[in-house]
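One structure is given here, and the rest of the page talks about it.
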Amino acid sequence: MEQLIALVIVILLIVFIIKVGSAIWRLLGILLLAFLVWVFRSEIMAQINEWARMLGSENFLEQAKQFFVSILEKLVQWFGDFINQF
């Protein structure tokens, strides 16, 4: 039940960020969302790990991390090669 309430709050916050017209309120909404993700990061990661175990992929986060690290390394290498052409 707590997860459902948290999900509803996050969805309402995202809708608020999109619908509000003022840039200041949008910025405050984004900062609040980032703060909530930071505060509840351990619970979020535990839930993601639980879902990964249910799907049979225990090392899902490790695979995702390796994927993003390899993408970043390739991007840095490409940018370095691009700069060295000049």
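Worth a mention:
- Taking 0.36 nm per residue of sequence separation and removing the Cα-Cα distance, the SER22/SER70 pair yields an extension gain of 13.4 nm.
- Listed values (i) 21.4, 81; (ii) 14.6, 40; (iii) 18.6, 58, entry calculated as Rg and Dmax of the Cα atoms in Å: (iii)
Coordinate-derived values only; no laboratory data. These numbers were taken from a predicted model, which means no experiment stands behind them.
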